[in-house]
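Participant: Pasting a structure here, questions to come.
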Amino acid sequence: MPESEKKRSGGKNVTSSIARRINASVWLDKLESYVFLNVAILAALFVMLVLYSIGWTPAGDLTAVELLKEIRDMEFTGDSLRNLVMEIHFASGEIRTTALGSWIEFLLPVGVIVTAGEGIDLFTSLFGAHKILKKLRPLDEIVARATAISKISLDQTKIEHLEEAIRTASTQDGQVHLSTGDSDLRKVESALNQLLLKMEDSYRQQTRFVSDASHELRTPIAVIQGYADMLDRWGKEDPEILQEGITSIKNESQHMKELVEQLLFLARGDSGRNTLHKEKTDLRELIAEVWEESSMIDPDHEYVFISAGKELRVGADEASSGNITLPAAPPAFVEVDVSMVKQSARIFVQNAAKYSEPGSTIRLSVNSSGGKVSYIVEDEGSGIGKEDLKHIFERFYRSDKARNSDTGGTGLGLSIAKWIVDAHDGSIDVTSRPDFGSRFVVSFPAA
């Protein structure tokens, strides 16, 4: 027999033995269940027959237990089942008789049918091991593979070949490729190549991140330095140049502060130091707060909150008063860090406002379905191109249109929002078309 066949047969012998044992255990449990059930049914029928024979009714003066206690003896007479008679002797000396033949003639066929059905089921269950064996088929493969791995002879020569291949790994299409030419090490090569690919991708992302961060920080520093030189030369005597320089330095300093805070947030997230403080909260109320805040601080856009099928609109003055009453609607509970989820919603809303014309509408809503609770942000802005859509959550990524605009920003907002959503085991679904607007659906597991 070939070696591979021996390995397979060895695995099948193990699983066949396990399948037979499981099937035997299940068959015995089923037999015990049938025996217990039949005995219980017969006992119940007998008690009911006795109560019927002594004339007990639920509306009677005595309970069934009290009547049964009055019975002192029971005798069965008759030369056949058809003529069987039951005599019940009471403590008072009274004797009552009941002919059981008609009852037996009625119940016997039913009992035979039930017993035959149970017998057929038990008989077919004896041959159920093959079904269990089919379920255990993956175990055969595990045993065969484990046996095959244990047979591989990784001698010193193979290990040296692997070490040499790692030292002299070639680069193909910008990626590291490892090859030993040994068929026994093919799976090891594949695993190492996948690991090297992930390491190379991680290295490229890290390099790009450092380069982009340096570029973003270099720009405000250069601006501040330029205005400082201008103030040093002419600002001491010219009030207009002085005011312009101070304003620009303040703006660039604020921009740099925001950038550094965002970088620190992402760095803490990457190192696992951003702690979530989760609590059960109504996502509908949380998003309503973001809607009120946005309506108050951004009068250039119209913010709409959709709740219970109604569109709510408020002005900046009404939003600042805090006297907004939401229509009654079922709560949409989630277990989240409230401040972080609110931060993610603000990022999406601010992003919608940044790329939407003044006077356009931004809609917010909350939806519950399929065990998930989602908040939705829709705008009527410039939209996102198909190619850009794949990269919008990458750090420092901004489309050419955004780079050439005066919208500002650091290119880290959506990256932070995605980190927050991922940390809550959530998901983000984006639909967007240029010149038609964008729709962000952010979903969390329902509490």
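The values are calculated or read from the model by the stated rules, or taken from the named source; none is laboratory data. Because the structure is predicted, anything quoted here is derived from the model rather than measured. Because the Cβ atoms are built from the backbone with ideal geometry, glycine has one as well, and the counts that use them run over all protein chains shown.
Participant: Given the conditions (1) part of a helix (DSSP H, G or I); (2) out of contact with any Phe, Trp or Tyr (no Cβ under 9 Å at 6 or more places or on another chain), report the number of the one that L276 does not fulfil.
Facilitator: Going through the list (1) part of a helix (DSSP H, G or I); (2) out of contact with any Phe, Trp or Tyr (no Cβ under 9 Å at 6 or more places or on another chain), L276 breaks only (1).
Participant: Here is a list of conditions, (1) under 26 Å from the mean Cα position of the chain (by Cα); (2) surrounded by 14 or more Cβ atoms within 10 Å (Cβ to Cβ), and M256 meets all of them except one; can you say which number that is?
Facilitator: The failed condition is (1).
Participant: Scan segment 233-255 and give yes if some residue there is among the hydroxyl-bearing types (S, T, Y) and over 30 Å from V421 (Cα atoms), otherwise no.
Facilitator: We begin by selecting, within segment 233-255, every residue among the hydroxyl-bearing types (S, T, Y); these are 247-248, 253.
So of that shortlist, the ones also over 30 Å from V421 (Cα atoms) come out as 247-248.
Looking for residues that are among the hydroxyl-bearing types (S, T, Y) and over 30 Å from V421 (Cα atoms), one finds at least one in segment 233-255, hence yes.
Participant: Now for a different question. Test V14 against the criterion of being at pLDDT below 85, surrounded by fewer than 15 Cβ atoms within 10 Å (Cβ to Cβ) and touching a Leu at 6+ places or on another chain (Cβ under 8 Å), and give yes or no.
Facilitator: Numbers: at pLDDT below 85: yes; surrounded by fewer than 15 Cβ atoms within 10 Å (Cβ to Cβ): yes; touching a Leu at 6+ places or on another chain (Cβ under 8 Å): yes.
The answer is yes for V14.
Participant: Read through the list (1) surrounded by 11 or more Cβ atoms within 10 Å (Cβ to Cβ); (2) touching a Leu at 6+ places or on another chain (Cβ under 8 Å); (3) modelled with pLDDT of 75 or more, then give the number of the only condition that F76 fails.
Facilitator: Of (1) surrounded by 11 or more Cβ atoms within 10 Å (Cβ to Cβ); (2) touching a Leu at 6+ places or on another chain (Cβ under 8 Å); (3) modelled with pLDDT of 75 or more, only one is false for F76: (1).
Participant: Could you check segment 216-241 and list, in sequence order, the residues that are of a type in the set (S, T, N, Q) and modelled with pLDDT of 85 or more? Please lay out each step first, then the result.
Facilitator: First, pick out the residues of segment 216-241 that are of a type in the set (S, T, N, Q): 219, 225.
Hit for segment 216-241 is Q225, nothing else.
Participant: Of the residues E216, E252, which single one is touching a residue at least 40 places away in the same chain (Cβ under 8 Å) and either β-branched (V, I, T) or in a helix (DSSP H, G or I) (or both)?
Facilitator: On the way: E252 fails: touching a residue at least 40 places away in the same chain (Cβ under 8 Å).
Going through E216, E252 in turn, the sole match is E216.
Participant: Just to check your reading of the model, which residue among S368, S356 is at pLDDT 85 or above, of a type outside the set (D, E, K, R) and surrounded by fewer than 19 Cβ atoms within 10 Å (Cβ to Cβ)? Spell out the reasoning first.
Facilitator: Working: S356 fails: surrounded by fewer than 19 Cβ atoms within 10 Å (Cβ to Cβ).
Matching residue, one of S368, S356: S368.
Participant: Of all residues in segment 97-138, count the ones that are part of a strand (DSSP E or B) and loosely packed, with under 14 Cβ neighbours inside 10 Å. Full working, then the answer.
Facilitator: Of segment 97-138, the ones part of a strand (DSSP E or B) are 97-99.
Subsequent filtering for residues that are loosely packed, with under 14 Cβ neighbours inside 10 Å retains 97.
Selection size over segment 97-138: 1.
Participant: Which of the following residues is modelled with pLDDT of 75 or more, of a type in the set (A, V, I, L, M), within 30 Å of D140 (Cβ to Cβ) and surrounded by fewer than 14 Cβ atoms within 10 Å (Cβ to Cβ): L42, L28? Steps first, answer last, please.
Facilitator: Details: L42 fails: within 30 Å of D140 (Cβ to Cβ).
The conditions single out L28.
Participant: Let me ask something additional. If V290 satisfies every condition in (1) assigned by TED's automatic domain parsing to the domain that holds D232; (2) closer than 16 Å to I416 by Cβ; (3) of a type outside the set (D, E) but one, which is the exception?
Facilitator: Against the list (1) assigned by TED's automatic domain parsing to the domain that holds D232; (2) closer than 16 Å to I416 by Cβ; (3) of a type outside the set (D, E), V290 comes up short only on (1).
Participant: Which residue, of E279, E244, E293, is acidic (D, E), exposed (fewer than 14 other Cβ atoms within 10 Å of the Cβ) and at pLDDT 85 or above? Talk me through it step by step, then tell me what you get.
Facilitator: Numbers: E244 fails: exposed (fewer than 14 other Cβ atoms within 10 Å of the Cβ); E293 fails: exposed (fewer than 14 other Cβ atoms within 10 Å of the Cβ).
Step by step, each of E279, E244, E293 is checked, and only E279 is acidic (D, E), exposed (fewer than 14 other Cβ atoms within 10 Å of the Cβ) and at pLDDT 85 or above.
Participant: For segment 47-73: of the residues being under 16 Å from E94 (Cβ atoms) and among the β-branched types (V, I, T), which is modelled with the highest pLDDT?
Facilitator: It comes out as I71.
Participant: In segment 323-339, what residues are within 15 Å of D422 (Cβ to Cβ) and either out of contact with any Leu (no Cβ under 7 Å at 6 or more places or on another chain) or without any contact (Cβ under 8 Å) to a residue 60 or more places away in the chain (or both)?
Facilitator: V336 - this is the single residue of segment 323-339 that is within 15 Å of D422 (Cβ to Cβ) and either out of contact with any Leu (no Cβ under 7 Å at 6 or more places or on another chain) or without any contact (Cβ under 8 Å) to a residue 60 or more places away in the chain (or both).
Participant: With a cut-off of at least 3 residues that are within 22 Å of G272 (Cβ to Cβ), at pLDDT 90 or above and outside the structural domain of Q350 (by TED's automatic domain parsing), name the helices (runs of 4 or more DSSP H) lying wholly within segment 378-447. Talk me through it step by step, then tell me what you get.
Facilitator: Working: elements: 386-389, 400-403, 413-423.
Per the criteria, no element qualifies.
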